[in-house]
1. Checking the structure you have, find out if any residue of region 7-15 is among the basic types (Lys, Arg), modelled with pLDDT under 90 and either in a helix (DSSP H, G or I) or under 16 Å from Val125 (Cα atoms) (or both).
2. Just to be sure I understand, how many residues within region 119-135 are in contact with a strand residue (DSSP E or B) (Cβ under 6 Å, 6 or more places away or on another chain) and either buried (at least 21 other Cβ atoms within 10 Å of the Cβ) or on the phi > 0 side of the Ramachandran plot (or both)?
3. Restricting to strands (runs of 3 or more DSSP E) lying wholly in region 137-221: which have 1 or more residues that are among the charged types (D, E, K, R) and on the phi < 0 side of the Ramachandran plot?
4. With among the β-branched types (Val, Ile, Thr), within 20 Å of the chain's Cα centre (by Cα), open to solvent by less than 70 Å² (accessible area, probe 1.4 Å) and modelled with pLDDT under 95 as the only criterion, which of Thr156, Thr152 stands out?
5. Only one of these conditions is not met by Leu112: (1) more than 20 Å from Leu167 (Cβ to Cβ); (2) in a loop (DSSP other than H, G, I, E, B); (3) aliphatic (A, V, I, L, M). Which number is it?
6. Report every pair of residues separated by at least 6 positions or lying on different chains whose Cβ atoms are under 7 Å apart, first residue within region 73-88 and free of Cβ contacts under 8 Å to residues at least 60 places away in the same chain, second surrounded by 15 or more Cβ atoms within 10 Å (Cβ to Cβ) and part of a loop (DSSP other than H, G, I, E, B).
7. Working carefully through the options Glu187, Glu87, find the one that is out of contact with any Phe, Trp or Tyr (no Cβ under 9 Å at 6 or more places or on another chain) and surrounded by fewer than 17 Cβ atoms within 10 Å (Cβ to Cβ).
8. Among the listed residues Asp68, Asp100, Asp33, which satisfies the condition of being over 13 Å from the mean Cα position of the chain (by Cα), charged (D, E, K, R) and surrounded by 13 or more Cβ atoms within 10 Å (Cβ to Cβ)?
Amino acid sequence: KGLAKNQVPPKQLGDEALSKVPLIFEPNVGQTDSRVKFIARSSGYAAFLTGPSQAVLKIHNSEDRADDAISMSLVGANAQAKGGAIEKTGGVSQYYIGNDHSKWHENVANYLKVQYDEVYPGIDVVYQGDKSRFRYDFMLKPGADPKSIRMTFGGTQNVKLDPKGNLVLALANSDYYMSSKPVIYQESNGKKSFVDGNYAMDGKEVGFELGNYDPTQALVIDPNFTAGTY
């Protein structure tokens, strides 16, 4: 039957609902490369956390194109920063691959976030997301310097800012990947006060430039990765 005016097609409704499903992180207990500490998978990408200062996204392209891999590294960050998975979901993953039972992995716990503390002085990083976006939130304690945060992106052919303030990452086999203009805010008494800000590029390094904010209050810088095409 035809759709009523303004009615959303069922498939689109399903896609939108799936895109809001939280990304689930698993600790690496042997189900992937030993350099990886945590892994998360979605229909469009897999995220590998190799430690506090690096995340790698493997982008799943169509069958006629090879996959891409983007690495995001925090320049000058504390590679020994303490942290781990938080917000356990209650769900588990099971890996029964091959006939060698010693390589099976049962009841691997699932988590919503991975947090590392003091990756820069007074700054924590929280990795999280949903099925369509991978987020890396910077949580700044009062007095912490946002200019401490510096990032580089590997696996890209070009990195630039578009007119809307998004960070565009040109890839070899995909059209592009984008890290959206960051949402920056402070929260007091349950109310958010948004802060003007954008990415700032210095050669191959990417940081943040902020407008006026209260340095005596905590601050959140919240960008996210998302796929796109021109």
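The values are calculated or read from the model by the stated rules, or taken from the named source; none is laboratory data. Predicted model, so just to flag it, every value in this text is computed and none were measured. Note that we place each Cβ from the backbone using ideal geometry, even for glycine, and neighbour counts take in every protein chain shown. Remember, those area values only see protein heavy atoms, side chains included, never the ligands or the DNA or RNA. Shrake-Rupley method; radii C 1.70, N 1.55, O 1.52, S 1.80 Å.
1. Yes, that holds for at least one residue.
2. Selection size over region 119-135: 7.
3. 158-161, 183-188, 191-194, 197-202, 205-210
4. Thr156
5. Leu112 satisfies all of (1) more than 20 Å from Leu167 (Cβ to Cβ); (2) in a loop (DSSP other than H, G, I, E, B); (3) aliphatic (A, V, I, L, M) except (2).
6. From region 73-88, the pairs are Ala77/Pro52; Ala77/Ser53; Asn78/Pro52; Ala79/Pro52; Ala79/Ser53; Ala81/Pro52; Gly83/Pro52.
7. One residue alone meets the criteria, Glu187.
8. Matching residue, one of Asp68, Asp100, Asp33: Asp68.
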